[in-house]
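**Q** Have a look at this one before I ask anything.
Every number in this text was worked out from the coordinates using simple rules, so none of it is lab data. From a predicted model like this one, the values you see are computed outputs, not experimental measurements. Ideal geometry is used to build each Cβ from the backbone, glycine not excepted, and the neighbour counts take in all protein chains shown.
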């Protein structure tokens, strides 16, 4: 309960901060619409030459695109800003202020900054997803819906843990912002079904940089092509990565010596 | 005599810039590595997508087989690397931080150090990317109808493509003089580039009217044209027309640069001034 209250408070502060810069809203709106338009036009070009892409029909690709924007929105809404701020505060020593607060520091660090205009990406992703669902019609049952939400949560936990692990490396190394960039540039590969890629690339996008679990797997759940093993794998990996992230975070904190100590 | 002295001075400037750029690239080798991942991944993804399409529609799409797409996108990866600039972000940073003041104090036009910085960094990145492309070629087995005259014309076409792209993007970067929201402008530019330069698909796969738009605008001449030329997909007439178009765009952008640079410097006032 307390966690939810904290999240609410931090979110409210971010909203108050950002509403001072209202023009940013329109800039973000413009950029998000352009990005979505580009993605849709790209799909249109490809599907003017084929009926299915690696077994995925246009409406199913639309669902995948929705998931891509939705998860991308979550990343740029809270995960990316929080982790970037964490790296800065370890370097400057301002993490001291967070550590003195009587709440779990990992939670505080993770929700410390919310880029609220990224909500637009998230909403747009939902819009695309709902459109895809309507077009797909009856083929999405209750089972698929439950699996989808489960896989979306697992994907979000996996991505969050992955980012936290990378950001925690800043306790040992000075420059790790670059590592975060790797995820951002590899995430674009998640716009397409992972099954399209050759084995080595599929492996890299699944286990080295877990993009597959963030986009393809939830979309597979929604379109009824998810097997039991993948489902368990995703849940298992989510729990495992979260635990590893927690351990690395703790070890890092023990190493942290503050600004002037 | 004076002209000769000026050229020698410029050569000296370029060689000094190379040393600085080289040193800073060695220093930031990890950023370099990460930046190259995205340079490789984007064409690679489209290569895979279009090969899949080609295989599922009877082995060929718009005259490209899966191996034909492999050739197209691997060459595109290299040509894109050769003509690439990052000047639009650089200028936004320079103007915002007031760094441009130092450049303006120097006795040569700042475009010279930008060109030499750009070229020097490519002396390092291009061999790495060629190595990567060779590795990918072993996996995707590209084929193309290479012919000697196209290979010969490819060299001036590539240099002109670099010039067109560099000059246009340098001009566009000057938008930073007037607005701090250049990111939105850059994004529009990159989307146009994505579709009209042949990145999202070879231009011949687009509807006819869009191909005409692409012929009129500069984007195709910065990237798609040299790629198609090297792969032997253009006739003599098309190749000649392409070179003329490239040359025209070099002239147009040189004129634009003169006009916009003068106006821009007039409105520029450094932060803290």
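**Q** Return the single residue from B:261, B:35, B:50 with maximal mean-square fluctuation; model: Gaussian network over chain B, springs between Cα atoms under 10 Å.
**A** Sorting by GNM fluctuation, first place goes to B:35.
**Q** Which value, in Å³ per residue, describes the convex hull spanned by the Cα atoms of the range A:32-156?
**A** Roughly 136 Å³ of hull volume per residue.
**Q** Let me know the mean shielding of B:24-37 by other chains, meaning the per-residue number of their Cβ atoms within 10 Å of its Cβ.
**A** For this peptide, the per-residue mean of nearby foreign Cβ atoms is 2.
**Q** Given R₀ = 35 Å, FRET efficiency for residue B:99-residue B:192 by Cβ-Cβ distance, to 0.05?
**A** Approximately 0.80, to the nearest 0.05.
**Q** Angle check, please: helix B:29-56 long axis (alpha carbons) against the longest principal axis of chain B (alpha carbons), in degrees 0 to 90, nearest 10.
**A** Roughly 30 degrees, rounded to the nearest 10.
**Q** Want the number for residue B:111 to residue B:36: 0.36 nm per residue separation, take away the alpha-carbon distance, what's left?
**A** Gain in length upon complete extension: 24.6 nm.
**Q** Which values of log₁₀ I(q)/I(0), to two decimal places, follow from the Debye formula for the range B:93-175 at q = 0.23, 0.24 Å⁻¹ with a uniform point scatterer at every Cα?
**A** -1.25, -1.28
**Q** With a 10 Å Cβ neighbour count serving as the proxy for reagent exposure, in which order, fewest first, do A:244, B:7 appear?
**A** Fewest to most other Cβ atoms nearby, the residues stand as B:7, A:244.
**Q** I'd like the FRET efficiency for residue B:13 and residue A:91, computed as 1/(1 + (r/R0)^6) with the beta carbon distance as r and R0 of 25 Å, rounded to 0.05.
**A** 0.10
**Q** Can you list the equivalent-ellipsoid semi-axes of the protein assembly as shown, largest first and in whole Å, using the square root of 5 times each Cα gyration tensor eigenvalue?
**A** Semi-axes (√(5λ), whole Å): 40, 33, 21.
**Q** Would you calculate the separation in nanometres between label points at residue B:266 and residue A:84, each defined as 7 Å from the Cα along the Cα-to-beta-carbon direction?
**A** Distance between label points: 3.6 nm.
**Q** Using only Cα atoms, find the angle between the long axis of helix B:2-27 and the longest principal axis of chain B, and express it within 0 to 90 degrees, rounded to the nearest 10.
**A** With rounding to tens, the tilt is 70 degrees.
**Q** Would you list B:45, B:182 from fewest to most Cβ contacts within 10 Å?
**A** Listed from fewest to most nearby Cβ atoms, that is B:45, B:182.
**Q** Among B:255, B:53, which comes first, then next, by fewest other beta-carbon atoms within 10 Å?
**A** Fewest-to-most ranking of B:255, B:53: B:255, B:53.
**Q** Then there's this: Modelling each spin label as a point 7 Å along the Cα-to-Cβ direction, I'd like the residue A:254/residue B:184 distance in nm, to one decimal.
**A** If labels sit at residue A:254 and residue B:184, their model points lie 5.0 nm apart.
**Q** For peptide A:29-40, how many partner chain Cβ atoms fall within 10 Å of a residue's Cβ, on average?
**A** So the per-residue partner count for this stretch is 2.
**Q** Given contacts defined as C-alpha pairs under 8 Å and at least six residues apart, what's the relative contact order of chain A, whole-number percent?
**A** That works out to 26 percent.
**Q** Please work out how much length the chain gains when fully extended from residue B:238 to residue B:212, using 0.36 nm per residue of separation minus the C-alpha to C-alpha distance, in nm with one decimal.
**A** Stretched fully, the residue B:238-residue B:212 segment lengthens by 8.0 nm.
**Q** Moving on. As a test of the formula, what do you get for the protein assembly as shown when each DSSP H run with n ≥ 4 contributes -39,500 (n - 2.57) and the sum is divided by the residue count, at 222 nm and rounded to the nearest 500 deg cm²/dmol?
**A** Theoretical 222 nm ellipticity from helices: -24500 deg cm²/dmol.
**Q** Now, a different point. If I build a Gaussian network model for chain A, linking alpha-carbon pairs within less than 10 angstrom, which residue out of A:98, A:216, A:50 has the largest mean-square fluctuation?
**A** Judging by the Gaussian network model, the answer is A:50.
**Q** If you don't mind, another one. Taking chain A as the reference, fit the longest principal axis to its C-alpha atoms, fit the long axis of helix A:119-136 to the helix C-alpha atoms, and give the angle between the two in degrees, 0 to 90, nearest 10.
**A** Here the helix axis deviates by roughly 20 degrees.
**Q** With a cut-off of 17 Å, note down the residues of the range A:187-230 whose backbone N falls inside the zone around a label point 7 Å from the Cα of residue A:239 toward its beta carbon.
**A** Backbone N within reach: A:228-230.
**Q** Modelled label-to-label distance, residue A:22 and residue B:119, 7 Å Cα→beta-carbon offset: nm?
**A** 5.1
**Q** Taking only the alpha-carbon positions of chain A and ignoring solvent, what does the Debye formula give for the base-10 log of I(q)/I(0) at q = 0.10, 0.11, 0.12 Å⁻¹?
**A** -0.54, -0.65, -0.77
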